[in-house]
Each structure stands twice: as structure tokens, then as C-alpha cells.
Amino acid sequence: MFKALKRNVMKMFREFLVYHNSSLEFRAKLLTLMVSSNGEISDCEKQKLKEIAYKIYVEDDERAELLIETVKEYHDKIITNNGLDFEHLIQLVVKEVREVKRFHQKIDIGLLMELHDCVCEDDEEDRLFQIRIIEFLQNLKEEYGEAV
């Protein structure tokens, strides 16, 4: 119970309590682009999301869990049309990469491809849409990586 309460407090005040919160939130936005591309988070994506979070934050389980919760929070906002939609999320990612020079380094195409593996082979439209997202992020990474 204490752990759940602590997690809820961290979620509510993460902007003030979490070290490098902007970095965590940026990563969450990238992952949300992938898992929200088809409108739902599959069981495979949930599992991959957990694996990815623990790869990113190898020695910080609490931060990994916070990343997962943040992705779910962004996804819920998109699904319920609660102040965020998919296009707005893309615009936020572009804006943050432009403003924070180190963020282009946080775009890890290999990790995003792990989420892409979860899309059903039969669903060509969703697979193509995710590939376009990955290509867009790769171009963004290259464009702002060179600008440094």
C-alpha cells in the first residue's frame, strides 16, 4: 500500500520531485507515439514497454516504473481526448528536440523497433504507420544531431 501511495504522489508531483523529469517525460512521449499509433496498448506492447523501461533505467526500478506510468498517462489522454491528441504529441516531440539539444540522443530507434515487432503481421496499415513514425523520428534525430 505504501508503495502505491508513493507512486501516486510521484506521479502527481513528478515535475518537482523527479530528477531530470523533462528527460523522462520526453522518453515517455517517444514511447507513447509507438504504443498509441493504433489506439490501444496490446499485451505484447505492455511487456516490451516494461522491458524497454528497465533497459533505459537499468539501476533505477522506481524510475523505470515511473516511465511506464507516464506512457500510460499520455496514452490515456490521447484515447480519452483529454487535452492531448496524437498530432499534438508529435508537435511536442519536435518542439522539445529543437529546444533541448541533448534530446536527439534519447531517440533510440532500436528500442522503438522492439515495440514495432508487436504489431501483427496481418495489420499492414498499422505496421506502415509505425514505420513512418520511426522514419520521422530518425530524420529528426539526424537533423538535430548534426546541428549540435
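A quick yes/no check of all residues on (1) under 23 Å from residue 120 (Cβ atoms); (2) more than 9 Å from the chain's Cα centre (by Cα); (3) surrounded by fewer than 20 Cβ atoms within 10 Å (Cβ to Cβ); (4) not aromatic (Phe, Trp, Tyr):
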position: 32; (1), (2), (3), (4): yes, no, no, yes
position: 35; (1), (2), (3), (4): yes, no, no, yes
position: 41; (1), (2), (3), (4): yes, yes, no, yes
position: 44; (1), (2), (3), (4): yes, yes, yes, yes
position: 48; (1), (2), (3), (4): yes, yes, no, yes
position: 52; (1), (2), (3), (4): yes, yes, no, yes
position: 62; (1), (2), (3), (4): no, yes, yes, yes
position: 65; (1), (2), (3), (4): no, yes, yes, yes
position: 71; (1), (2), (3), (4): yes, no, no, yes
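Which pairs turn up if I take residues in the stretch 72-99 that are more than 21 Å from residue 40 (Cα to Cα) and look for partners that are β-branched (Val, Ile, Thr) and assigned to a loop (DSSP other than H, G, I, E, B) with beta carbon separation below 8 Å, at least 6 apart in sequence or on another chain?
Close Cβ pairs (under 8 Å, with a partner that is β-branched (Val, Ile, Thr) and assigned to a loop (DSSP other than H, G, I, E, B)) amount to 97/107.
Give me the pairs: first residue in the stretch 23-51 and closer than 17 Å to residue 101 by Cα, second residue open to solvent by less than 30 Å² (accessible area, probe 1.4 Å) and part of a loop (DSSP other than H, G, I, E, B), beta-carbon distance under 8 Å, and six or more apart or on different chains, which are they?
So the pair list comes out as 24/18; 30/107.
So which residues in the stretch 97-114 are under 18 Å from residue 25 (Cβ atoms) and open to solvent by less than 80 Å² (accessible area, probe 1.4 Å)? Let's see the steps before the verdict.
Narrowing the stretch 97-114 to residues under 18 Å from residue 25 (Cβ atoms): 97-108, 111-112.
Correct list: 97, 100, 103, 104, 106, 107, 108, 111, 112.
The values are calculated or read from the model by the stated rules, or taken from the named source; none is laboratory data. All figures in this text were calculated on a predicted structure; none of them were measured in a lab. Virtual Cβ from ideal backbone geometry, glycine too; neighbours counted across all protein chains shown. Areas reflect the complete protein model, heavy atoms only, side chains present, ligands, DNA and RNA absent. Shrake-Rupley method; radii C 1.70, N 1.55, O 1.52, S 1.80 Å.
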